[in-house]
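What follows is a single structure, written as structure tokens, with notes after it.
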Amino acid sequence: MDTLMPGQDDEASTSHDRQPGWPASRPLPVEALYRVCDPGALAAPIAEAPAPTIGLIGQERANEAISFGISIRKKGFNIFCLGPAGTGKHTLVRTLLQQTAATAPTPPDWCYVNSFTDPHQPKWLKLPAGRGQALRRSMEKLLSELQVALPAAFERDDYRHQRDILEQQFKKKHEENFGGLQERAEQMNITLIRTPVGFALAPTRNGDVIPQEEFKKFTTEEQERIKADIGAMQTELEALLRQVPQWERDLRRALEELDRKTTTAAVGYLIEEVRHDFLDLPDVLSYLAEVEHDITENAGDFLAASREGGSNQMAMLRHMLESDGASFRRYHVNVIVDNSETKGAPIIYDDRPNHQSLAGRIEHQARLGALVTDFNLLVSGSLHRANGGYLIIDAERLLTGNFGYETLKRALRTEEIRLESLEQILSIASTVSLEPQPIPLDVKVILIGSPRIYYLLRQHDPDFAQLFKIAAEFDDRVDRNDETIAGYGRLLADIGKQNELRPLAAPAAARVIEYASRTSGDSEKLSTRIRALTELLQEADCRAGLAGRQEITRDDIQDSLDAQQRRGDRIYHRILEEITRKTIRIEVDGPRIGQVNGLATINLGNIIFGYPSRITARVASGRGDVVDIEREVDLSGSIHSKGVLILSGFLKGRFGRNGPLSLDASLVFEQSYAGVDGDSASSAELYALLSALAEVPIQQNFAVTGSVDQYGHVQAVGGINEKIEGFFDVCQKGGLTGKQGVLIPAENVKQLMLRPDVVQACAQGRFSIYPIETIDQGISLLTGYPAGELDITGKYQKDSVNYWIAVRLAALTARQTRAESPLIRPMKAGRNGR
């Protein structure tokens, strides 16, 4: 029959000539199921533990990138550390930064002071480390001394004497001018009268003012003469009165000049004491000159208390409290960055990077029912504190922080720190606020995040590539060899020292390394997730303490691992319970046509477990469609759908080279009520489909995992240990028969690090693990029949699975042809026996 001679598939035929690393018909030996670590290789490294090695094992690439990024101080060469969580990114960054920062110069102090020309724009002062506080204390001392010295200067006899002289001179000029006017008026029988509203002139007789009634009795000539005299004197008086304001101005100027000289004399030597300590800082000297000028011009602020209540200090203190010291705050020094205690360059970690946390904030005070602010209420941000050093930020927190990412980018782009509120940035505030002078920025920023965040920013943010030119990528695993095992021994000892844990016995360290190999997903690798190792040692240390032991033993490590598993396996045990109670139907013995046990995993974040799932296939006459029921009801992910399409490619390549396949097949995960994704079940689906086509039963004492390609090669999958253990637990619940086992891809053998109870059962022959390289190997093991190879005539050998499939497909094709032919009546098909 033509259908028994499909086109020669070169790739498929040559696959039977391949020699697998492990015989597919034989289970793996015990030594392949778990790679033991020799405690003897760890005794010396644990005892030595010379230098801290946390985070350095297996991170040479990241180490090199970070070291270079730290050494180059050009614009834009900031660092992004990317890698899985718990791989020691923070630890390695801090270790390398501390080595560099210790020998770097200590950055200066930064202060904000009042701008006497524009108080809304405070100015910054840069001083050597530690001298910012010295300037602040000097200004506080100066202010305190001025509040005593200035009032005292104005109370001295020489000041009072000079002031009296000026006032007497004014009085004398006043009296001389008005006295002369009075004498001339008296010669005309006119007197100068001082009234509440000013001066007035009135006629007199014998020194007395003539009453109005008597003045009216004078003759007209006399009245006119007197009025003319009074008018002349009035003109002279008005001219004299016009000079009085000028005399008063002259007096005020003279008094102000006297006050200025007195203030300068009192302030000069006090300011000179401050100036003497900062002669090497021109900016500070300029500021002190401005302070001196402002105090001289506003000496009255210091004299208010003295004028109100004398020169005693209680009166001055009362004045300060009543005025809230507002008039004196302009002379304060706001030290926003104090590096007096810093050794080398600062290393700052910002754990809540938003706009205010990074760039600082402007605070306000309630005063007389209103919110007011000044330069004393400027608060530094992490950029200020890290200026001249290093700033470490978690990328995810930065992106979720309020305007944190944009604030950081602007600061790095402009190389300055602009301290302003969000209202100012968003232009939603209409009130007048402070605009502090931006501070120059020189900082190395290290962002730490996941690869996903890094590549998203790199792709979608043009600024990112210009500002973070160094990528330091961390690996989550390292090769397992003698060198790394010794390094792990030192690492574990160092973790214990840093966390003040009990000493770690060599067998315990060996168990931790075996655990690190298991979590890496490969027996030839070790995990570099330092956080998980630290947490394991901390828990084991507690158990050792509760047991009264002086060191951490292997049992403490194993008990901690078992406890971690128990704390998170509630859902897993619920699934096992439902399988045992037959609520979820899983068969672990007996033959079934078109049914196989596939294996899947569930990741709950802190725990991953495997479980079996029943996969079934049905075949009927059709047009060559393989229907994935999961995909039809939108329960299938794209990768799983791809795996099903690969099955169609395999069938067409092996059995449909000479014509179309006349079948319809359906595949489904039975009792699946959630989404299915991944291609690790594609080999199991193909086995179920081949069984249904050949009408050959599959032994249910096996479970299967592995993906498949279009040529029938079985490929590696993830979670291999958890999948095997999941089927083992189901079998163990019903009792191990010695015939049960799991078919795994041969490429997954190197990843096996199974639980001790699974290894023990395999050693006793009660459970088996079979490595599979091709679908033909797997179907032979599952059915007990040979897969069947093509002979020289291009036909499959009789009594083989492939032969029966070819016969079945031929029958389906013939049936489909008869059904579609208009000249042939459809006939009832009988069962296709072999």
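Residue-by-condition table, conditions (1) of a type outside the set (D, E, K, R); (2) open to solvent by 40 Å² or more (accessible area, probe 1.4 Å); (3) in contact with a Lys or Arg (Cβ under 6 Å, 6 or more places away or on another chain):
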{"position": "Ala345", "(1), (2), (3)": "yes, no, no"}
{"position": "Ala359", "(1), (2), (3)": "yes, no, no"}
{"position": "Val372", "(1), (2), (3)": "yes, yes, no"}
{"position": "Gly401", "(1), (2), (3)": "yes, no, no"}
{"position": "Thr407", "(1), (2), (3)": "yes, no, no"}
{"position": "Thr414", "(1), (2), (3)": "yes, yes, no"}
{"position": "Arg418", "(1), (2), (3)": "no, yes, no"}
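Quick one: is Thr103 surrounded by fewer than 16 Cβ atoms within 10 Å (Cβ to Cβ) and either of a type in the set (S, T, N, Q) or at pLDDT 90 or above (or both)? Spelling it out, Thr103 is indeed surrounded by fewer than 16 Cβ atoms within 10 Å (Cβ to Cβ) and either of a type in the set (S, T, N, Q) or at pLDDT 90 or above (or both). Among the residues making up the stretch 559-604, a single one is of a type in the set (Asp, Glu) and under 31 Å from the mean Cα position of the chain (by Cα): Asp569.
The numbered conditions (1) open to solvent by 30 Å² or more (accessible area, probe 1.4 Å); (2) in contact (Cβ under 8 Å) with a residue 60 or more places away in the chain are all true for Ile769 except (1).
When the criteria are applied in full, Trp124 meets the requirement of being part of a strand (DSSP E or B), among the aromatic types (Phe, Trp, Tyr) and open to solvent by 20 Å² or more (accessible area, probe 1.4 Å). Taking Thr91 as the residue in question, decide whether it is among the hydroxyl-bearing types (Ser, Thr, Tyr) and outside any helix (DSSP H, G or I). When the stated conditions are applied, Thr91 does not pass them. Out of the stretch 585-604, which residues are within 19 Å of Ile698 (Cβ to Cβ) and outside any strand (DSSP E or B)? Once the filter is applied, which keeps residues that are within 19 Å of Ile698 (Cβ to Cβ) and outside any strand (DSSP E or B), the stretch 585-604 yields Arg585, Ile586, Glu587, Val588, Asp589, Gly590, Gly594.
Between Arg511, Arg531, Arg502, the distinction of being touching a residue at least 24 places away in the same chain (Cβ under 8 Å) and not in a helix (DSSP H, G or I) belongs to Arg502 only.
For the stretch 703-728, the set of residues classified as of a type outside the set (Gly, Ala, Ser), open to solvent by 20 Å² or more (accessible area, probe 1.4 Å) and under 22 Å from Ile586 (Cβ atoms) consists of Glu722 only. The single condition from (1) of a type outside the set (Ser, Thr, Tyr); (2) at positive phi; (3) not in a loop (DSSP other than H, G, I, E, B) that Gly86 fails is (3).
Search the stretch 552-573 for residues being within 16 Å of Phe728 (Cα to Cα) and in a helix (DSSP H, G or I), and hand back the single one that is most open to solvent (accessible area, probe 1.4 Å). Top of the filtered list is His573. In the stretch 374-399, what count of residues is obtained for those that are among the polar types (S, T, N, Q), surrounded by 20 or more Cβ atoms within 10 Å (Cβ to Cβ) and in a helix (DSSP H, G or I)? Number satisfying all stated conditions: 1.
The residues of the stretch 608-637 that are modelled with pLDDT of 85 or more and either closer than 29 Å to Glu695 by Cα or open to solvent by less than 20 Å² (accessible area, probe 1.4 Å) (or both), listed by number, are Phe609, Gly610, Tyr611, Pro612, Ser613, Arg614, Ile615, Thr616, Ala617, Arg618, Val619. Scan the stretch 638-685 for residues that are within 42 Å of the chain's Cα centre (by Cα), in a helix (DSSP H, G or I) and at pLDDT 75 or above and the total you get is 5.
Residue count for the stretch 347-357, restricted to those that are open to solvent by less than 40 Å² (accessible area, probe 1.4 Å) and either of a type in the set (Ser, Thr, Tyr) or touching a strand residue (DSSP E or B) at 6+ places or on another chain (Cβ under 8 Å) (or both): 4.
Taken over the stretch 466-499, residues that are of a type in the set (Lys, Arg) and either free of Cβ contacts under 8 Å to residues at least 24 places away in the same chain or open to solvent by less than 20 Å² (accessible area, probe 1.4 Å) (or both) amount to 1. Taking helices (runs of 4 or more DSSP H) as the structural unit, those lying wholly within the stretch 268-340 and holding at least 1 residues that are surrounded by 13 or more Cβ atoms within 10 Å (Cβ to Cβ), at pLDDT 85 or above and in contact with a Lys or Arg (Cβ under 9 Å, 6 or more places away or on another chain) correspond to 282-297. Can you list residue pairs whose Cβ atoms sit under 6 Å apart, with the first residue in the stretch 348-367 being touching a residue at least 40 places away in the same chain (Cβ under 8 Å) and part of a loop (DSSP other than H, G, I, E, B) and the second being charged (D, E, K, R) and open to solvent by 70 Å² or more (accessible area, probe 1.4 Å)? Count only pairs 6 or more apart in sequence or on different chains. Filtered contacts from the stretch 348-367: Pro353/Arg397. For the stretch 500-514, the set of residues classified as within 18 Å of Asp562 (Cβ to Cβ) and open to solvent by 40 Å² or more (accessible area, probe 1.4 Å) consists of Pro507 only.
When Ala806, Ala814, Ala810 are checked against the criterion of being modelled with pLDDT under 90, open to solvent by less than 10 Å² (accessible area, probe 1.4 Å) and out of contact with any strand residue (DSSP E or B) (no Cβ under 8 Å at 6 or more places or on another chain), Ala810 stands alone in meeting it.
The values are calculated or read from the model by the stated rules, or taken from the named source; none is laboratory data. Note that the structure is predicted; figures quoted are calculated from it, not measured. Note that we place each Cβ from the backbone using ideal geometry, even for glycine, and neighbour counts take in every protein chain shown. Ligands, DNA and RNA are excluded from the accessible area calculation, which covers all protein heavy atoms including side chains. Shrake-Rupley method; radii C 1.70, N 1.55, O 1.52, S 1.80 Å.
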